[in-house]
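Note sheet for the following structure.
The values are calculated or read from the model by the stated rules, or taken from the named source; none is laboratory data. Source: prediction; values computed, not measured. All Cβ positions, glycine included, derive from the backbone under ideal geometry; neighbour counts span all protein chains shown.
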Amino acid sequence: MVQISEFIQTEILLPRVKRSGVLVVYDPEQRYRELCQGLKTNGLRVVDATESSIESREAALQALLDLGAVNSTVTGLLVYVPAQAPVSDEERQRDPFSLYAVCGSIFPEGDGDEYLTLCLKAKPDHGTEIRAIFEKDKNPSFAVIDAVGGGLGWPNLRALLGAESSRDILFALLVPDDRQQQALQEQDAWAAEARDLCKAALGLTLKTRSKAWSAIADELWRFLLFSEFVFDLPQALPAVLADVPRAPEPARPLVEDLCDRLRNDQRTRTTYIDKAEAIE
């Protein structure tokens, strides 16, 4: 099972550093300090402002200069700040690290980066358990979250697709590579698991009786893209569309995460566009 710390490192923080070159992590609870420190490599500089603001400012500036130098071995800069992210212009002026946020990006940024949301993305098929934990404790430890869902399900899907998490299995069902697609077409023992997984993770009750991958994938695509459409609507859903199957609110983090992956991955972007146009 994926660990929440590993998920945040590999799926949230590292991709942002790779995209923008510079990432500032604001963390007043110091929840992510060790996690950020663990990302340090020869190429990725990690500057921790916890102990000394002056020394960390100097280290961050030098790292930024090294990042921009010709033939530099520095590939990215992560600045960890144990404070609340500035919101107003006045707060940004007082924050010595706001410069680096302007140069790159920040974390957390928006509702999608809330701790609860990250936990739901990491373990989408255990949303009920995770929400129950947060109702009792607003800041559960990583160990508590990691203990959720200790048993692994969907054995046929995991073996055929080479994927462990429900999130990765659903992604592979939507856009399997050649090997995965061949495996899905050679047998259908996985189909019952796919039905259970779609119901548990997304609230989707598959209507197709077919056990063929293409039929299941088509219905999953329609459900996923329409659900994202509904979540993005600034107003109430028109009555004429009220009966179209869509995901419930608890599945929103998983729906948005899958759609983001499909859009941002160069290998799947064209498929996403084609499916979106056809379904529209």
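Quick notes on this one:
- Where Thr50 falls short, out of the listed (1) surrounded by 19 or more Cβ atoms within 10 Å (Cβ to Cβ); (2) part of a loop (DSSP other than H, G, I, E, B): (1)
- Lone qualifier among Ala159, Ala251, Ala236 - being under 28 Å from Asp113 (Cα atoms), among the small types (Gly, Ala, Ser) and assigned to a helix (DSSP H, G or I): Ala251
- Residue check for Leu170: over 17 Å from Ile279 (Cα atoms) and in a helix (DSSP H, G or I): yes
- Complete set of residues in the stretch 1-26 that are part of a helix (DSSP H, G or I) and either closer than 18 Å to Gly110 by Cβ or hydroxyl-bearing (Ser, Thr, Tyr) (or both): Ser5, Phe7, Ile8, Thr10, Glu11, Ile12, Leu13, Pro15, Arg16, Val17, Arg19, Ser20
- Of the residues making up the stretch 1-26, those that are in contact with a Leu (Cβ under 7 Å, 6 or more places away or on another chain), among the hydroxyl-bearing types (Ser, Thr, Tyr) and surrounded by 19 or more Cβ atoms within 10 Å (Cβ to Cβ) number 0.
- Near pairs, Cβ below 9 angstrom, 6+ apart or cross-chain, from the stretch 206-222 (surrounded by fewer than 18 Cβ atoms within 10 Å (Cβ to Cβ)) to any residue that is part of a loop (DSSP other than H, G, I, E, B) and of a type in the set (Phe, Trp, Tyr): Lys211/Trp190
- Of everything in the stretch 99-129 that is assigned to a helix (DSSP H, G or I), of a type outside the set (A, V, I, L, M, F, W, C) and in contact with a strand residue (DSSP E or B) (Cβ under 8 Å, 6 or more places away or on another chain), the residue that is nearest to Arg33 (Cα to Cα) is Asp113.
- Per the listing Ile106, Ile133, Ile145, the residue uniquely closer than 28 Å to Leu254 by Cα, modelled with pLDDT of 90 or more and among the aliphatic types (A, V, I, L, M) is Ile106.
- Among the candidates Glu186, Glu193, residue that is buried (at least 16 other Cβ atoms within 10 Å of the Cβ) and either of a type in the set (Phe, Trp, Tyr) or assigned by TED's automatic domain parsing to the domain that holds Ala159 (or both): Glu193
- Scanning the stretch 223-236 for residues that are without any contact (Cβ under 8 Å) to a residue 40 or more places away in the chain and either hydrophobic (A, V, I, L, M, F, W, C) or within 19 Å of Ser166 (Cα to Cα) (or both) yields Phe223, Ser227, Glu228, Phe229, Val230, Phe231, Leu233, Ala236.
- Per the listing Asp257, Asp196, the residue uniquely closer than 19 Å to Tyr272 by Cβ, part of a helix (DSSP H, G or I) and of a type in the set (Asp, Glu) is Asp257.
- Pairs meeting the criteria (first residue in the stretch 252-280 and touching a residue at least 40 places away in the same chain (Cβ under 8 Å) and on the phi > 0 side of the Ramachandran plot, second residue of a type in the set (D, E, K, R) and surrounded by fewer than 18 Cβ atoms within 10 Å (Cβ to Cβ), beta carbons under 8 Å, at least 6 apart or on different chains) are lacking.
- For Glu29, the conditions (1) outside any loop (DSSP other than H, G, I, E, B); (2) touching a residue at least 60 places away in the same chain (Cβ under 8 Å); (3) surrounded by fewer than 17 Cβ atoms within 10 Å (Cβ to Cβ) are fulfilled apart from (1).
- Boolean, Pro82 is surrounded by fewer than 18 Cβ atoms within 10 Å (Cβ to Cβ), farther than 30 Å from Glu249 by Cα, of a type outside the set (Lys, Arg) and out of contact with any Asp or Glu (no Cβ under 8 Å at 6 or more places or on another chain): no
- Of all residues in the stretch 141-183 being at positive phi and surrounded by 15 or more Cβ atoms within 10 Å (Cβ to Cβ), the one that is farthest from the chain's Cα centre (by Cα): Trp154
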